[in-house]
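The values are calculated or read from the model by the stated rules, or taken from the named source; none is laboratory data. The model shown is predicted, which means the values in this text are computed figures rather than measured ones. Using ideal geometry, Cβ is built from the backbone for each residue, glycine included, and neighbour counts are taken over all protein chains shown. Areas reflect the complete protein model, heavy atoms only, side chains present, ligands, DNA and RNA absent. Shrake-Rupley method; radii C 1.70, N 1.55, O 1.52, S 1.80 Å.
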Amino acid sequence: MKKIIIAIDGHSSCGKSTLAKSLAKDLDYIYVDTGAMYRAVTLYFLQNNIDLNNLDQVEKSLKDIHIRFQKSGDLTHTFLNDKDVEFDIREMYVSNKVSEVAEISIVRKVLVREQQEMGIDKGLVMDGRDIGTVVFPAAELKIFLTASIEVRTKRRFDELHQKGLTVDYETVQKNLNHRDHIDSTRLDSPLKLADDAILIDNSEMDKEKQLERVKQLAMSKILAKSC
Ligand code: DC
């Protein structure tokens, strides 16, 4: 069977990672969470007091950042310079800064190049904001996920609380609205629906139904490519 690239883009906290991870597992594909890459860069900048307005400093520091993923059972952990930062990158202080970092073109240039290298052998499910539009514009399957702001806030709120992070509902909603605004209006690679993407609003759809639907779409693309 020929392998394809599956791009999953969409708003913050609409279940992209959950869908992408399950899909990759069922297809035996590699899963890449590109949001984790932007988060790891943000964590590095915060830890090293990098001034986001000083583009020389930003560019130089990017050379000192090495991000890799390591599977641990069903989970994939993000490593920043060989340190497991999977927990740290999900903290609110990183979420509050990450969209600002993701606006910087040199950051995007470096990360997009790394993401494209990961797709050389295909067999990849990648989620983010610009995967179907910029990273892999020729991806065989493009999904654009969304859900209402209320549903997304509740999901992120429950997720953070399950992890033991204390944060109130309004703060979570404000952060999601803020990130959606910056992600969709930035000049470089804004979040937008690719012409050939399939739009799925999962506000009232359960995870299993969503996975089945996307798996069917993927299988028909894989079969079409294999004959
Ligand atoms: O998917 P996430 O919420 O973990 O992503 C964190 C931030 O990174 C998000 O606010 C926008 C940015 N991002 C991006 O600009 N491009 C991507 N391909 C992935 C994420």
Other-chain or far-sequence residues with amide H under 5 Å of Ile198's (modelled H) = Lys142, Ile143, Phe144
For the stretch 27-98, size of Cβ-based charge dipole, Lys and Arg +1, Asp and Glu -1, in debye | 80
Can you tell which of Ser61, Ser12, Ser95 shows the greatest fluctuation in a Gaussian network model of the chain with Cα springs below 10 Å?
-> Ser61
For the chain, share of DSSP beta bridges that run antiparallel, in % to the nearest 5 = 30
Applying the Karplus parametrisation 6.51 cos²θ - 1.76 cosθ + 1.60 with θ = phi - 60° to the phi angles of the stretch 53-58, what ³J(HN,Hα) value in whole Hz is obtained for each residue in order, glycine and proline being reported as x?
-> 8, 9, 5, 5, 5, 4
Treating the angle as unsigned and between 0 and 90°, give the value, to the nearest 10°, between the Cα long axis of helix 16-27 and the longest Cα principal axis of the chain.
-> 40
Over the heavy atoms of Asp196, what accessible area does a 1.4 Å probe trace out, to the nearest 10 Å²?
-> 90
222 nm mean residue ellipticity, helices alone, for the chain (DSSP H n ≥ 4; -39,500 (n - 2.57); rounded to 500) = -15500 deg cm²/dmol
Nearest 20 debye, what's the magnitude of the dipole of the stretch 107-227 about its Cα centre given +1 on Lys and Arg Cβ and -1 on Asp and Glu Cβ?
-> 200
Using the Karplus equation 6.51 cos²θ - 1.76 cosθ + 1.60 (θ = phi - 60°), what ³J(HN,Hα) coupling, rounded to whole Hz, does each residue of the stretch 129-135 give in order, writing x for Gly and Pro?
-> 10, 10, 5, x, 9, 10, 5
Normalised by the residues of the stretch 55-101, what does the relative contact order come to in percent, with Cα pairs under 8 Å and at least six apart?
-> 21
Those chymotrypsin sites (Phe, Trp or Tyr not before Pro) from the stretch 82-159 that are DSSP loop and have at most 16 other Cβ neighbours within 10 Å turn out to be Phe87
Per the charge dipole of the chain (beta-carbon charges, Lys/Arg positive, Asp/Glu negative, Cα centre), the residue among Ile198, Met37, His181 reaching farthest to the positive end is Ile198
Averaging sequence separations of C-alpha pairs under 8 Å and six or more residues apart, then dividing by the length of the stretch 1-88, give the relative contact order as a whole percent.
-> 16
Surface accessible to a 1.4 Å probe, per residue, for the residues of the chain, Å² | 51
Determine, for the stretch 1-82, the count of lysine pairs separated by eight or more sequence positions (or lying on different chains) whose alpha-carbon distance falls under 26 Å.
-> 13
Considering amide H positions built from the backbone, and no H for Pro or chain starts, which residues 5 or more places from Tyr31, or on another chain, come under 5 Å of its amide H?
-> Val125
Rank Leu80, Leu165, Leu124 by mean-square fluctuation in a GNM of the chain with C-alpha springs under 10 angstrom and give only the top-ranked residue.
-> Leu165
Compute the Cα gyration tensor for the stretch 123-227, then decide on rounded, prolate or oblate, letting a ≥ b ≥ c be the square roots of its eigenvalues: rounded whenever a/c is under 1.5, prolate when a/b is larger than b/c in the other cases, and oblate in all that remain.
-> oblate
Taking θ as phi - 60°, what are the ³J(HN,Hα) couplings along the stretch 36-47 by the Karplus curve (6.51, -1.76, 1.60), each to the nearest whole Hz, with x for Gly and Pro?
-> 5, 5, 5, 5, 5, 5, 4, 4, 4, 4, 5, 5
Give me the Kirkwood hydrodynamic radius of the chain, using the inverse of the mean 1/r over all pairs of distinct Cα atoms, in Å to one decimal.
-> 18.0
Distant-in-sequence amide H partners of Arg186 (H built 1.01 Å from N, under 5 Å) | Leu191
Relative contact order of the chain (C-alpha contacts under 8 Å, at least 6 apart) in percent is 35
In debye, nearest 20, what is the charge dipole magnitude of the chain about its Cα centre with +1 on Lys and Arg Cβ and -1 on Asp and Glu Cβ, if you could check?
-> 500
Can you tell me the 0 to 90 degree angle between the C-alpha axis of helix 92-102 and the longest principal axis of the chain, rounded to 10?
-> 80
Rule-of-thumb check for the stretch 68-118: C-alpha Rg over 2.2 N^0.38 Å?
-> 1.28
Expressed in angstrom and ordered largest first, the alpha-carbon extents of the stretch 1-80 along the principal axes are 46, 26, 23
